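Reviewing the structure listed below.
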Amino acid sequence: MKIRKYFRGSGRVFAFVFVASVVWLLFDMAALRLSISEVNTELLKELVVKERELTKRQATKGTKVADRDFKHPLQKVQADLGEGKKSDSFDTKVVEVYRKPGKFRGKVEPKKDDATPTGAKGGERKGVNENKREEKSLKKNNSGKDTTVRTPIPPQQQARTGTKEKERRIAPSYSKAPPAVQEEKRPQEVLKEKTIKLQSKETKDTKVVLAQDTKVGLVQDTKVGLVQDTKVGLVQDIKIPVDSGLLKKTSSNSTLKTAKQDAHPTISAKKDVIPIRRLKEGKGVIVFNRDNKHINKNDSAQVLIEDKHKSSLQAGALNPGKLPAGEPVKLLNSSGVRRSAGLHKVMALDVTDKPREVRAVGQFGQAAVVPLDKQDESRRRWSEGYFNVFLSEQIPVDRAIPDTRPPACSENLVHDDLPTTSVIFCFVDEVWSTLLRSVHSVLNRSPPHLLKEVLLVDDCSTKDYLKEKLDVYMSQFPKVRIIRLKERQGLIRARLAGAAEAKGDVLTFLDSHVECNVGWLEPLLERVYNDRRKVVCPVIDVISDKDMSYVLVDSFQRGIFKWPLVFGWSTLPEDYVKKKHMKDSDPIRCPVMAGGLFSIDKKYFYELGAYDPGLDVWGGENMEISFKIWMCGGEIEIIPCSRVGHIFRGENPYQFPKDRQKTVERNLARVAEVWLDEYKEVFYGYGYLHLLDKNVIDVGNLTAQIQLREKLKCKSFKWYLDNVYPELEAPVVKAEGLVFNVGTRKCLALNNGSLSFEICDLSKQSQHFNYSWVRTVRQKAFCVAPQGTGTGVTMESCDSTKPHLRWLHKSNKVLPEHLIAEVSPRGMFQRVCLEGGPKADSVYLNACDTSSLFQKWQFTHYYAR
Ligand code: UDP
Ligand code: MN
């Protein structure tokens, strides 16, 4: 009865509405679930269909995988994510990320508001709490900092470091969104490439034209040499690679290797006759094959390249991005000397000798998953490389990865006569699968004629598989050479060894656990070609150490450092990007490079004195070369159109011959001593005061480096700060001005070598003192010092290496305004405070007293605490 009451009148209406809404909601949810699963299935289906279609197409027509347009679907998401990184100025709200996560090894605590240094391998923040740091330092605690990281922390891993820094924004991992082959950008259409119009030997009239109707990737007719209209997708340009470097060494082709391989592909009139590689239509993948026996008689005809240079691309040059169709492409000067060379669109090669297994683990850069029954193995093997070595092994050495370049990049034009490069991989105990993938990615995605060689510098690895097995494996690639160092030299000297062997015009250094993306090389070389003093770095995409997915990173990131010389990434402020009308494909000037991956003109590298060979093993060399480049007339840029994925590891998987931390600190001290001028005190002041003690560290001989700097007439570090990295806070002293005593209300003065008090007067130079980063209170070359015994205070010649000249100020929580010295009369360590005598205007030491106003001091200006 009661219930029925509720269903009367308006209650009935209400009940009806309620029931109806519940039913509606249930339907709705069901529909939503349905549609989600539908979308999922559709997406999956679409992917499968597309892949199948593609594979079929390749199989029948010889489509090259290279032209797949694996635009990262998350690029858009990326842009949306960008909201969060609004920043008004370079130094306030920049998004910074430091590299190398892991455990903080030092005893020094991270400073909360200090966005600076992360730990290196140990990986937690290096930001050092000033108070604790100073206290520790007073206790002669020399341990605790592990600066040093060359490559950036993978943003995902940052959380682990517990820093408060904003993370470098990064698109979510691939696992969440499988890479889509965009329908509107099919491989055939992606490259509206030129066709090489090849004519028979007899006509001697070979022209390169831009195909009106290019069926890129589909080799319609392989009767190369005789065909009028061969549509070649892979070779976009007449500079036919003589040797792709991909080929297996066959007994008969050694002749091809030598002279022809090394010669510039566009050679003189007679030499222009180069053997064309056959485009093999094997299972949908084009392979350059030098083995002529597979080529039918007609095919084996040689291609003649006209040397008349009827350039069509000048128009293109004036109007970049718009290549006039149907016009012949200007060829190279036969002598190899640049002669108003033509231009072509950046090549997006991705050659491989077998069809890509669509379902392969990690294919297309997707996240790989460890099967349940392999979890233990995967965990066990982690320490072989400090990344998921197990998964890496499952992933094909030539997997496809998403093309993470900004869209404009594929339209960019580069010169036909770019310099060649030697790619140098230094490695020590690198994991087999990643080393191979690194090499394959270079061979597969570099225009063969630009890739002079790949040098593998083995820095005395201990692993067996890196010996004969590696020799055998690499022997199939004529371009790959292995250089074995007899003794462990460390990354820096290993690179020098590689550079000494290099024959290319440009040196390209890469880490041995990378994957070069499509079109990675030409944009780098183009930049060097235009200005040999430009040292260029690709954007370093992230290969996840956990699931090996290839992840796109945020745009507009530049390499910076914070004190004490800790590398990090920082996003250009939005208003800066707007003001400069920067596009996401424009080069980005970098105060410092990450260090692992870059290209540099070989001659210029040597003009700059290469690396300081006194740097050991690992660390600090990126700072050294960066300062050297900028201060001695060069420039460092990140080229967003060049992308290389890198596995960021939490720890070095190799041994350091000496203590790791000490090694890196020593390297940094060398860099600071040679390049930082008076700013080296800032470096030492940020937790490295112990490095000033020659008993603790021997930085080695610096004469050659200092002479080099003089010889090159390099600019000052101040110039670098003012012109290259003005956003860095780098006050050369911590405080300066008058030194006011709160108790006496007078100021410290230095007259005739002795300290006293005077009525404060800003105009008097005798009252001006600095409080330096090495904690001295100084006037010109003289520093305030406790007298050996007793309570007296005197002036001594400043010497940053002398601990007894150091005063703590503004860093001790209990005695913030005091000037605290460490004295050890009769071997007893003691802290004493500087006191102003109320009577005789004298200055002396006394037992520290928190409440004494006569022990409180204030400098006129404070720049850092
Ligand atoms: N490397 C080397 N010798 C060494 C240390 C490192 O050849 O003593 C190589 C290493 O194998 C890698 C490159 O130098 O290819 C850079 O080292 P790592 O990847 O550890 O640097 P990160 O990326 O962590 O900064
Ligand atoms: Mn690395």
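The values are calculated or read from the model by the stated rules, or taken from the named source; none is laboratory data. All figures in this text were calculated on a predicted structure; none of them were measured in a lab. Virtual Cβ from ideal backbone geometry, glycine too; neighbours counted across all protein chains shown. Heads up: the accessible areas ignore ligands, DNA and RNA and are worked out on the full protein's heavy atoms, side chains in. Shrake-Rupley method; radii C 1.70, N 1.55, O 1.52, S 1.80 Å.
Within segment 504-529, can you find the residues that are away from ligand 2 (no atom under 16 Å from the Cβ) and in contact with a Leu (Cβ under 9 Å, 6 or more places away or on another chain)?
GLY504, ASP505, VAL506, VAL518, GLY519, LEU521, GLU522, LEU525, GLU526, VAL528, TYR529
Yes or no, residue by residue, for (1) farther than 29 Å from GLU357 by Cβ; (2) within 16 Å of ligand 1 (Cβ to nearest atom); (3) open to solvent by less than 10 Å² (accessible area, probe 1.4 Å):
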{"residue": "ASP417", "(1), (2), (3)": "yes, no, no"}
{"residue": "THR420", "(1), (2), (3)": "yes, no, no"}
{"residue": "GLU430", "(1), (2), (3)": "no, yes, yes"}
{"residue": "LEU436", "(1), (2), (3)": "no, yes, yes"}
{"residue": "VAL439", "(1), (2), (3)": "no, yes, yes"}
{"residue": "LYS452", "(1), (2), (3)": "yes, no, no"}
{"residue": "LEU456", "(1), (2), (3)": "no, yes, yes"}
{"residue": "LYS469", "(1), (2), (3)": "no, no, no"}
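Within segment 771-809, how many residues turn out to be part of a loop (DSSP other than H, G, I, E, B), of a type outside the set (Ser, Thr, Tyr) and closer than 23 Å to ASP693 by Cβ?
Qualifying residue count, segment 771-809: 11.
Across segment 610-624, which residue is surrounded by the most Cβ atoms within 10 Å (Cβ to Cβ) among those that are within 16 Å of ligand 2 (Cβ to nearest atom) and within 18 Å of the chain's Cα centre (by Cα)?
GLY619
Okay, residues lined up against (1) within 16 Å of ligand 2 (Cβ to nearest atom); (2) open to solvent by less than 10 Å² (accessible area, probe 1.4 Å):
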site	(1), (2)
ARG649	yes, no
PHE656	yes, no
ASP659	no, no
ALA672	no, yes
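Filter segment 569-609 down to residues that are open to solvent by less than 10 Å² (accessible area, probe 1.4 Å), more than 16 Å from ligand 2 (Cβ to nearest atom) and either part of a strand (DSSP E or B) or on the phi > 0 side of the Ramachandran plot (or both), then give me how many there are.
Number of matching residues: 5.
Can you give me the ranges of the helices (runs of 4 or more DSSP H) entirely in segment 428-536 with at least 2 residues that are within 18 Å of the chain's Cα centre (by Cα) and at pLDDT 95 or above?
432-445, 490-501, 521-530
Consider TRP773 against the criteria (1) among the hydrophobic types (A, V, I, L, M, F, W, C); (2) closer than 20 Å to GLU835 by Cβ; (3) open to solvent by less than 20 Å² (accessible area, probe 1.4 Å); (4) within 43 Å of the chain's Cα centre (by Cα): it satisfies all of them except one. Which criterion is unmet?
So the condition that TRP773 fails would be (2).
Inside segment 718-739, can you point out the residues that are of a type outside the set (Gly, Ala, Ser) and under 13 Å from VAL777 (Cα atoms)?
Of everything in segment 718-739, those that are of a type outside the set (Gly, Ala, Ser) and under 13 Å from VAL777 (Cα atoms) turn out to be VAL733, LYS734, GLU736, LEU738, VAL739.
How many residues, within segment 816-838, are part of a strand (DSSP E or B) and either within 14 Å of HIS804 (Cβ to Cβ) or polar (S, T, N, Q) (or both)?
Total satisfying the criteria: 8.
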